[in-house]
Amino acid sequence: MTDRTASPAGSPDLNAPQRSRSRALRANLVAYGFMAPAILLSILFFIIPAILVVYLSMTDLATANFTSDIAQMNFVGLANYVTLFHDPFVKKIFFNTIFYVLTTLLLFNTGAALFVSLLTAHVNRRAGFIYRALWLLPRITTGSVYVLMWRRIIAEPPFGILNQFNALLGQPSVSYAAESPWTFIILVNGFIGLSFGMVIFTSAIESISKDLLNASLVDGSTLLQRVRYVILPMLRWPLLFVVTYQTLSLLTSFEEILLFTNGGPGIYQTEVWALTAYHRALSNYFGNAQWGYGSAFAVVLVLIGVTLAFIYMRVFRFQELVNDPKIEVL
Amino acid sequence: MVTPVTTTDAVVTSAPNTTTAAPSSILSGIWRGLRTAVLISAVLFAGAILFGWVIQPALESVGVEEDFTAMFSSLLLGLLPVAFYVGGSIAARDFRKHSLSTALLIAWLITVLGYGLLTGYQYVSESGIFRQAPTLGFTMRQTEAGVEVVSVEPGGSAEEAGLQPGDIILALRRDSVTADDLQTRIAQASADDAYRFRITRGGEELQLTTRIYLVSQLDTAALVRGLIAALIVASLALFVPASWMPHILVIVALLPLAAGYLWLIIATFSARTQGLLPVDANGNFGGLTLSNWSFLSGANSGGFTVNILTVTLNSFLIAATMTVASLAICSLTGYALSRMAFPGRRGFLSMTLVLHGFPAVTLFIPIFLVLINLGKIPVVGQFLGYNTAGGIALVMIAFELPLGVWLMKGFFDTISWDMERSALIDGASRWRTFREIILPQIRPGLLALGIFSFIGGWNAYLIPATYTVGTGLATLPVYIRQLTGELNPVNWNQVAAVGIFQLIPIFIFFIFAQEYLLNIYASGTKGSA
């Protein structure tokens, strides 16, 4: 194999090792060229801020002594972490988070998403598009309007839509916001989260070769057999990706909970870790946002997320998927 | 050849190939139907047990006050009988071609059996139709004067207390009541609760105390109605074409959203709403108005005079820039990660995924510090620093990176590399191969990422609101937040109108994107594996 673009035509191959080394170097340079924008952005907006947030968590930076000059911040060591672990509600918030992430992830972000994409892939194509467009609505509606809509769905009579149906059916009215806040938080987030998996799964199902499906049809497979033996194996990568990615998304997402219950109605009843970080760092009731203390919460969350990411990579054997670039140096 | 299937697969599905041989007998049909019905019910039951009896106590023991598991568990239990009827009927579908009456017989027999089991269980546990309901032993109706006692149950507590037909109930203790209200209270009361009524009888006022007691409200009509409903469900499951099933399931699942968005649309055209009904100031049906849409003409809305065109254009520019930039950056990166071997490749892949675990909101201060310092760089800083469109775009693209890079890598991985290799062997450069051979093959992937990027940019609130000062760069979401600010009384219906306005362009964008996909799939991807 000759690399015509690279080597001068007709030059004899006298010092092969040196040439291949320079060629490898050039291939690496090409690769880094492709990667350059992403690397630059990651360093600027992830790596540097990540280091900064760890540093911030060891300062007592707050509204009162805010400064954008790193050198002037008060270094307090691990004091914020000591405060954090002595917080009486930390355990509850921690388990709230685990409950919220697991339930939403399994039932909606992957379970229902897979179900909907399988269903919409098996109906007439145009109908499938319409359904998917409708399922995408929660994601494209801006958060405050979407949450407003759900508030109206569960509101007390005479405003609530569910209670209007209850009245039509002769059932007593229910104050859903007080009685089942978690159910609706999971629904509110699940309906948004579903569309992510749906779009990715659908793209993957659509890109399964039609020959493969036709072959299995000719062989007389049933629908469930096709799903089980043809479609699901092809969905391995999207599934792992959605599970991993959405776990981390759910861990760090709080906007809908903030708008919907803001951690209430009971004491920290629906508070999750990311929301606590936000409350501490950005919206303290006493008007003194504790950036440093909030950053400590963020760092703990990051540690949980990173641990989970590594566990996922190990369990799902990401290394195998990551291992084999299709084309080595030519 | 399809891998051999397990028996459950063969039973659960109603594939045409299993019907070719005529079913042997009704008995075997019933047996098969029952097996399917029991299997499906068992799965639901196991789910209900898992959530209601395993997960819930576990969560309770660690202090989580949640209501979801109980709700979900009872939903599964409620669906169990329906699943039983449907499961049995679906198994009976195989008999449909052979003999319609046999199929119907099997489906109905299984359904009656299931209904019998359900009723038997309810009888034993005194639940459902055999539930003992709280009552006061009289019937009532609402009249002008108050709640009129229509009839009194002999031997009930109302009769013992001396209540007579024709009495008008004025108040419960001291609070005036309506018939609806009273019935709701009674339904929620428990045995021995005391109710003291103030009544008038022939112009004379009396006070009577009655006590709640429980009666079995066995209603044979309801029992028969339930059976008929079950049989209808079973017949539907038997006769509704299999191709309708996905439609039915998706539409049922969409119902909550349908109700919500219906309300959103109605609300934008009305002064106020009750449930899904537009009402005027007196609570009567009506009150339709266009005033919620006055923001379109730039009218003063909620204390903010905003040029809606500028705001929309800002949103669009940010979203479009973000989409183009993240598609370019992520496809380049994804290609390199999928196709090239270079030091640091695996590290970068793991890192991007881990980075996604960084909560955006808590990186805000560090990012603010970074942007301030970027702004100090000569020339470039003017476009990329704090309070510039470029700075916002950069931050948002960065947050889109983990998704984009992994998504693109995944799509590149699925493409066969034969064409690419031959292009490279023929001397095309990596760049040319990427642009002319590979990129056209991952259009579905580009589109999927494009949709997410555009939505991300279009809906972005936190980043534009955090890193800009003043309204020069306000986007639609920022505008909506201003409308819902705490300083003014919020006109929620106007918020809904702006929300719908914001929704429309992106919805259209999505529909066009789908159309584009349709064309790709219809014509087939040129040369794809």
Counting other chain Cβ atoms within 10 Å of each Cβ in B:146-154 and taking the mean gives 0
Over chain B, what is the relative contact order in whole percent, taking alpha-carbon pairs under 8 Å and six or more residues apart?
11 percent
Pop a pseudo-label 7 angstrom from the Cα along the beta-carbon direction at both A:A24 and B:A194 and give the gap in nm to one decimal.
9.4 nm
Of every Cα-Cα pair in segment A:33-125, the percentage lying beyond 20 Å is 68 percent
Of B:L424, B:L27, B:W108, farthest towards positive along the dipole that unit charges on Lys, Arg, Asp, Glu beta carbons give chain B:
B:L424
With +1 on the Cβ of every Lys and Arg and -1 on the Cβ of every Asp and Glu, and nothing else charged, how large is the dipole of the protein assembly as shown about its Cα centre, in debye rounded to the nearest 20?
2840 debye
Just the Cα atoms of segment A:174-288, one point each, no solvent: what log10 I(q)/I(0) does Debye give at q = 0.14 Å⁻¹?
-0.73
Rounded to the nearest 20 debye, dipole of chain B from Cβ charges on Lys, Arg, Asp, Glu:
2040 debye
Cβ-based exposure ranking for A:H279, A:H86, B:H356, in which fewest neighbours within 10 Å come first
A:H86, A:H279, B:H356
Sorted by Cβ neighbour density within 10 Å, fewest at the top, the residues A:Y312, A:Y32
A:Y32, A:Y312
B:S25 label point, 7 Å along Cα→Cβ, cut-off 18 Å on backbone N: hits in segment B:87-127?
B:95, B:99, B:102-103, B:105-107, B:109-110
Per-residue [θ]222 nm for chain B (sum of -39500 (n - 2.57) over DSSP H runs n ≥ 4, rounded to 500)
-19000 deg cm²/dmol
What spacing in nm lies between the two simple spin-label points modelled at B:L227 and A:L224, each 7 Å away from Cα in the Cβ direction?
3.1 nm
If you take each beta carbon of peptide B:173-185 and count the beta carbons of other chains within 10 angstrom, what is the mean?
1
If you average 1/r over every pair of different alpha-carbon atoms in the protein assembly as shown and take one over that average, what Kirkwood value in Å do you get?
31.2 Å
Per residue of B:343-355, what is the mean number of Cβ atoms on other protein chains within 10 angstrom of that residue's Cβ?
6
Listed residues A:G170, A:V123, A:Y146: farthest to the positive end of the dipole of segment A:122-210 (Cβ charges):
A:V123
How large is the dipole of segment B:70-182 about the Cα centre if only Lys and Arg carry +1 and Asp and Glu carry -1, each at its Cβ, rounded to the nearest 20 debye?
880 debye
Among B:V279, B:P241, B:V152, the residue whose Cα sits farthest towards the positive end of the charge dipole of chain B, when +1 is placed on the Cβ of each Lys and Arg and -1 on the Cβ of each Asp and Glu, is B:P241
Give the aspartates and glutamates whose C-alpha is closer than 20 Å to that of A:K91, dropping any in the same chain fewer than 8 places away, or say none.
A:E271, B:E60, B:E65, B:E66, B:D67
Quick one: net charge of B:T333's neighbours, Cβ under 12 Å, K/R +1, D/E -1?
+2
Aspartates and glutamates within cross-link reach of A:K210: Cα-Cα under 17 Å, excluding same-chain residues under 8 positions apart?
A:D219
Using the number of other C-beta atoms within 10 angstrom as an exposure proxy, rank A:R126, B:R198 with the fewest first.
A:R126, B:R198
Once normalised by the length of segment A:64-222, the mean sequence separation of its alpha carbon contacts under 8 Å that are 6 or more apart gives a contact order in percent of 29 percent
Compute the relative contact order of segment B:104-218 as a whole-number percentage, counting only Cα pairs closer than 8 Å that sit 6 or more residues apart in sequence.
27 percent
Which of the aspartates and glutamates could a cross-linker span from B:K376 if the Cα-Cα distance has to be under 16 Å and same-chain partners fewer than 8 positions apart are dropped?
A:D69
Work out how much length B:D181 to B:S99 would gain on full extension: take 0.36 nm times their residue separation and subtract the Cα-Cα distance, in nm to one decimal.
24.2 nm
Per residue, what volume in Å³ does the convex hull of the Cα atoms of segment A:130-174 enclose?
82 Å³
For a test of the definition: using alpha carbon positions, the gyration tensor, and the 1.5 limit on a/c, classify chain B as rounded, prolate or oblate.
oblate
Taking the Cα-to-Cβ direction at A:A79 and at B:V150 and moving 7 Å from each Cα, how far apart do the two end points lie in nm?
7.3 nm
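Here, each number is a calculation from the coordinates, and none is a lab measurement. A quick note: this is a predicted structure, and the numbers were derived from the prediction, not measured. Counting neighbours? That spans all protein chains shown, and the Cβs are built from the backbone with ideal geometry, glycine included.
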